[in-house]
Amino acid sequence: MFTILGYEEAVNSCDCCGKSELKGTFAVQRENGDILYFGSVCVTRHTGKPAKQVRAEACAAVEERIRMATAEYVDCPERVAVEAKREQTRLQGISVGVAFRNATKAESDADNQTRALIAAKFGLKPYQIRA
């Protein structure tokens, strides 16, 4: 029994048949917790699901992780702090450019670091978190 976790372009070789130079692979998890990466043919063979269903489940799994990561990120103190600093800076009449970036740099750096940590926790890229 396998659970489909998503589609991964960074892993381009199949753990089942060894085929390499794939455009990407489907991350699947065994019942024992092991995570494997299968090409499209092997994933359908091992799950017994048609390709269309595998793709739909992969998309749904990624969307759920994005939803959970976004929920965690929205409430984090670093995001609240950077938004407050940005608003404060805008009220001071600085809204764009180098001056704005410099005025909000410390808070932005902390926010970016937190976003990256949360994204990694959920197996995502920082830009995938929606906020």
- Query: Among the residues of segment 16-29, is there at least one that is surrounded by 17 or more Cβ atoms within 10 Å (Cβ to Cβ), acidic (Asp, Glu) and more than 24 Å from MET1 (Cα to Cα)?
  - Reply: no
- Message: Out of VAL98, VAL62, I need the residue that is surrounded by 17 or more Cβ atoms within 10 Å (Cβ to Cβ) and assigned to a helix (DSSP H, G or I). Which one?
- Response: VAL62
- Counted residues, segment 33-79 - those being under 21 Å from the mean Cα position of the chain (by Cα) and of a type in the set (Val, Ile, Thr): 6
- Output the number of the condition that VAL41 fails; it satisfies all remaining conditions of (1) out of contact with any strand residue (DSSP E or B) (no Cβ under 9 Å at 6 or more places or on another chain); (2) over 19 Å from VAL11 (Cβ atoms); (3) at pLDDT 95 or above. (2)
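Report yes if GLU31 is under 24 Å from GLN128 (Cβ atoms) and out of contact with any helix residue (DSSP H, G or I) (no Cβ under 7 Å at 6 or more places or on another chain), otherwise no.
Numbers: under 24 Å from GLN128 (Cβ atoms): no; out of contact with any helix residue (DSSP H, G or I) (no Cβ under 7 Å at 6 or more places or on another chain): yes.
Here the answer is no, as GLU31 does not meet what is asked.
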- Look at VAL98 and say whether it is within 18 Å of GLU9 (Cα to Cα) and of a type in the set (Val, Ile, Thr). no
- How about segment 13-31: which of its residues are charged (D, E, K, R) and not in a loop (DSSP other than H, G, I, E, B)? ARG30
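Test of understanding: among GLY39, GLY6, which residue is outside the structural domain of LEU124 (by TED's automatic domain parsing), surrounded by 13 or more Cβ atoms within 10 Å (Cβ to Cβ) and in contact (Cβ under 8 Å) with a residue 60 or more places away in the chain? Give the derivation first.
Values: GLY39 fails: in contact (Cβ under 8 Å) with a residue 60 or more places away in the chain.
Selected residue: GLY6, the only one of GLY39, GLY6 that is outside the structural domain of LEU124 (by TED's automatic domain parsing), surrounded by 13 or more Cβ atoms within 10 Å (Cβ to Cβ) and in contact (Cβ under 8 Å) with a residue 60 or more places away in the chain.
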- Which listed residue, of LYS121, LYS52, is within 30 Å of LYS19 (Cα to Cα), surrounded by fewer than 13 Cβ atoms within 10 Å (Cβ to Cβ) and in contact (Cβ under 8 Å) with a residue 24 or more places away in the chain: LYS121
- Within segment 74-95, considering residues that are charged (D, E, K, R) and in a helix (DSSP H, G or I), the one farthest from ALA119 (Cα to Cα): ARG90
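The values are calculated or read from the model by the stated rules, or taken from the named source; none is laboratory data. No experiment lies behind these values; they were computed from the predicted model shown. Cβ sites come from the backbone with ideal geometry, for glycine too, and all protein chains shown count toward neighbours.
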